[in-house]
Amino acid sequence: MRYGHAFHIQATQTALINGRCTVEERLARWLLMAHDRIDGDELFLTHEFLSIMLGVRRASITETLRMLADGDLIAIKRGTIAIVDRARLQKRSNGAYVPVEPDSSRIAAL
């Protein structure tokens, strides 16, 4: 039941964010959520993959990643995105990213 509840909350939040947030806020949220689930700061993702995940043109992802890199929030190389300043990236998400609660992390491990 707890897993179903956590999944429902995340799906509802994603639907709301997809309808109301900018590409920059959604991308920041997606990068932060992916960063939560890995060890280290490097994400091995392509612009094409991110564009599919966010439902936007690849050019929009490239432009937004460059803006985040110009602000020293991330570092981008071919196929790799490194989180440089997580706190500022979280601020750029403008409330779209909510850190996983300790109780929810137990559920995610199930």
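The values are calculated or read from the model by the stated rules, or taken from the named source; none is laboratory data. Since the model is a prediction, treat every value here as computed from it, not as a measurement. Methodologically, a virtual Cβ is constructed for each residue, glycine included, from the backbone with ideal geometry; neighbour enumeration extends over all protein chains shown. Note: areas computed on protein heavy atoms with side chains; ligands, DNA, RNA excluded. Shrake-Rupley method; radii C 1.70, N 1.55, O 1.52, S 1.80 Å.
In the stretch 56-76, the residues that are on the phi > 0 side of the Ramachandran plot reach residues that are hydrophobic (A, V, I, L, M, F, W, C) and open to solvent by 10 Å² or more (accessible area, probe 1.4 Å) with C-beta atoms within less than 9 angstrom, at least six apart or across chains, in these pairs: 72/84.
Scoring residue 38 on the criteria (1) open to solvent by less than 90 Å² (accessible area, probe 1.4 Å); (2) part of a helix (DSSP H, G or I); (3) out of contact with any strand residue (DSSP E or B) (no Cβ under 9 Å at 6 or more places or on another chain); (4) not charged (D, E, K, R) leaves a single failure, condition (2). Among (1) more than 28 Å from residue 3 (Cβ to Cβ); (2) touching a Lys or Arg at 6+ places or on another chain (Cβ under 8 Å), which single condition is residue 81 missing? All conditions are met except number (2). Pairing residues of the stretch 27-48 that are closer than 17 Å to residue 14 by Cβ and modelled with pLDDT under 95 with residues that are assigned to a loop (DSSP other than H, G, I, E, B) and of a type in the set (S, T, N, Q), at Cβ distances under 6 Å and at least 6 apart in sequence or on separate chains, gives 29/93.
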